[in-house]
Amino acid sequence: MEPMLSIEQLTVTFYTPKGKVKAVDGASLTLHKGQIIGLIGETGSGKSVLGLSIPGLLPGTAEVSGTIRFKGQELLTLKKDSLRKLRGTEIAFVPQNPATSLNPVMRIGLQITEAIKAPFSRKQKREHAARLLEELNMPKPWDTLRQYPFQLSGGMKQRVLAAIGVAGQPSLLIADEPTKGLDALVRDQVVGLIRRVATHTGAAILVITHDLYVARSLCDAIGVMYAGEIVESGPTEQLFTQPKHPYTSGLIRSMPGKGMIPIPGVSHSLMEEHRGCKFLLRCSQRLGECEWNPPELYALQDQDRKVRCFLHDSSRGREQGVPERLVATADA
Ligand SMILES: Nc1ncnc2c1ncn2[C@@H]1O[C@H](COP(=O)(O)OP(=O)(O)O)[C@@H](O)[C@H]1O
Ligand SMILES: [Mg+2]
């Protein structure tokens, strides 16, 4: 089956007064109908930039290379008009910042109903909008429809954005931090709504989140981003119970309830030209070669998992349990 979304070797570079910032570096991912994929990683790892690049919402200063295919159609070379049309119908993006993403002078009701593409009457559209808000635990959905964004709290605006995102029944939904700043109850409702959308409408959904609990409870598969690269990907439960990349293990250990042990060191600078592994300086398992040789994304045997770490390169000496060349370098 042709994937809904297929991204290959996506690289996004910003040229800033301070220098070149490689925000996304050779990222690939595949998303099928009805599937929910989560993108996790620390702040600044390139999750939002990757998400924004899909519907073509990056600023003009961004240099983008690679391929982004939606239903087989290349989006990176698509005309602006056609892309805008897709954004209004087939592809929905729920932005990260609720404070600046709603139209301040338009009532909430209109902002949600404008996203509904089905040939419903105005009344039906408003009923649908109210129902969505109710599903998201908004206390007085009908009142909310008549209000303006400034009358709502941050958490309410967040839910309105989620409602706008799902209202048009897009084939592809990209939600950037849809649960940020929400309390546990509301967070679970947003998670529930996104899951129902995937199940009932068959939408393919990319959820960007730094909340690992949301990622684990919502997503079928996960991509872990570090310094612009996807360093590990695989089915959610496997990834959480048997993380392979030292960074993924560190992320999981930093979860409340899993020890809350932070990963030491600071994130790799996106401005540095690097030679080897970007996680090198924070890695407790690093070996000599990691300093000068960038690891590829290695596929694990018999599993739908990939890891960007020499420790999992199966083409190397397996018998010793650890790759031969690495042992030799480490001893040197
Ligand atoms: N418009 C921009 N111009 C320059 N740098 C940017 C721009 N947008 C994002 N970046 C940089 O790209 C990197 C990744 O950012 P982002 O994707 O927002 O991270 P995340 O969503 O994982 O927290 C950051 O270093 C950020 O400063
Ligand atoms: Mg972000």
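The values are calculated or read from the model by the stated rules, or taken from the named source; none is laboratory data. Small disclaimer: the values here were computed from a predicted structure and weren't measured. Because the Cβ atoms are built from the backbone with ideal geometry, glycine has one as well, and the counts that use them run over all protein chains shown.
List of remarks:
Rundown of residues vs (1) within 25 Å of Gly66 (Cα to Cα); (2) aliphatic (A, V, I, L, M); (3) without any contact (Cβ under 8 Å) to a residue 12 or more places away in the chain, yes/no style:
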residue	(1), (2), (3)
Gln169	no, no, no
Ala203	yes, yes, no
Asp211	no, no, no
Ala215	no, yes, no
Gly223	yes, no, no
Pro243	no, no, yes
Gly259	no, no, yes
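- Residue ID - nearest to ligand 2 (Cβ to nearest atom), chosen from residues in the range 157-186 that are surrounded by fewer than 21 Cβ atoms within 10 Å (Cβ to Cβ) and farther than 17 Å from Ala115 by Cβ: Lys180
- Residues in the range 54-65 include at least one that is within 16 Å of ligand 2 (Cβ to nearest atom) and of a type in the set (Gly, Ala, Ser).
- When every residue of the range 93-111 is checked against the conditions, at least one turns out to be assigned to a strand (DSSP E or B) and either over 26 Å from Ser48 (Cα atoms) or touching a strand residue (DSSP E or B) at 6+ places or on another chain (Cβ under 9 Å) (or both).
- A count restricted to the range 1-31 and to residues that are in a loop (DSSP other than H, G, I, E, B) and within 23 Å of Ser82 (Cβ to Cβ) stands at 3.
- Candidates in the range 78-102 are the residues that are surrounded by 16 or more Cβ atoms within 10 Å (Cβ to Cβ) and among the β-branched types (Val, Ile, Thr); of these, the one that is farthest from Ser153 (Cα to Cα) is Ile91.
- Among the candidates Gly60, Gly66, Gly46, the residue that is of a type in the set (Gly, Ala, Ser), at pLDDT below 95 and within 16 Å of ligand 1 (Cβ to nearest atom) is uniquely Gly60.
- Odd one out for Val12 among (1) among the hydrophobic types (A, V, I, L, M, F, W, C); (2) over 14 Å from Gly223 (Cβ atoms); (3) out of contact with any Gly (no Cβ under 8 Å at 6 or more places or on another chain): (3)
- First in the range 44-73 and farther than 16 Å from Leu270 by Cβ and small (Gly, Ala, Ser), second anywhere and in a loop (DSSP other than H, G, I, E, B) and more than 7 Å from ligand 1 (Cβ to nearest atom), Cβ under 6 Å, 6 or more apart: Gly72/Glu2
- Any chance Thr179 is closer than 14 Å to Ile40 by Cβ and touching a Gly at 6+ places or on another chain (Cβ under 7 Å): no
- Residue match in the range 83-95 (condition: more than 24 Å from Glu2 (Cβ to Cβ) and either under 16 Å from the mean Cα position of the chain (by Cα) or within 16 Å of ligand 2 (Cβ to nearest atom) (or both)): yes
Yes/no matrix, rows are residues, columns are (1) part of a strand (DSSP E or B); (2) of a type in the set (D, E, K, R); (3) within 16 Å of ligand 2 (Cβ to nearest atom); (4) surrounded by fewer than 22 Cβ atoms within 10 Å (Cβ to Cβ):
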| position | (1), (2), (3), (4) |
| --- | --- |
| Leu133 | no, no, no, no |
| Pro139 | no, no, no, yes |
| Trp142 | no, no, no, yes |
| His200 | no, no, no, yes |
| His210 | no, no, yes, yes |
| Ala215 | no, no, yes, no |
